[in-house]
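The values are calculated or read from the model by the stated rules, or taken from the named source; none is laboratory data. Remember, predicted model here, so these are calculated numbers, not experimental data. Don't worry about glycine lacking a Cβ; one is built from the backbone with ideal geometry, like all the others, and counts go over all protein chains shown. Each accessible area value is taken on the protein alone, full model and side chains, heavy atoms only, with ligands, DNA and RNA left out. Shrake-Rupley method; radii C 1.70, N 1.55, O 1.52, S 1.80 Å.
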Amino acid sequence: MANTPQAKKRIRRNARRAEINGARVGRIRTFVKKVEAALAAGDKTAASAALAAVQPELARGVARGVMHRNTASRKFSRLTKRLTALA
């Protein structure tokens with residue numbers, strides 16, 4: 001258990017940040033799942049619209065530090081590849 005006031009404050013702060021960052025990651029996952037659902041349905045227009053919405057969300061996740069830059073790039077690349085293969 002934390003003994004110093006600063007350590008106690010860090011525990012409170014880390015809990016708040018973990019909650020916020022978890023919500024951010026969940027939001028990104030939701031956007032990615034929308035693209036994957038549209039791809040699975042074979043709906044190219046919906047998939048391309050969802051992909052356009054995913055790109056800024058991934059970039060925002062990288063900017064906020066909840067996702068590594070290469071991870072976001074890999075996810076976007078794979079989704080784009082699946083969209084072009086749908087044609």
L86 versus (1) under 18 Å from the mean Cα position of the chain (by Cα); (2) in contact (Cβ under 8 Å) with a residue 40 or more places away in the chain; (3) open to solvent by 50 Å² or more (accessible area, probe 1.4 Å): which is the lone unmet condition? (1)
Based on this model, can you work out whether Q55 counts as on the phi < 0 side of the Ramachandran plot, touching a residue at least 12 places away in the same chain (Cβ under 8 Å), open to solvent by 50 Å² or more (accessible area, probe 1.4 Å) and not hydrophobic (A, V, I, L, M, F, W, C)? yes
Look through segment 1-51, keep the residues that are under 14 Å from the mean Cα position of the chain (by Cα) and among the basic types (K, R), and return whichever of them is nearest to V66 (Cα to Cα). R24
Going by the structure shown, is T30 out of contact with any helix residue (DSSP H, G or I) (no Cβ under 8 Å at 6 or more places or on another chain), open to solvent by 80 Å² or more (accessible area, probe 1.4 Å), assigned to a helix (DSSP H, G or I) and of a type in the set (S, T, Y)? no
Can you tell me which of M67, M1 is outside any helix (DSSP H, G or I) and open to solvent by 90 Å² or more (accessible area, probe 1.4 Å)? M1
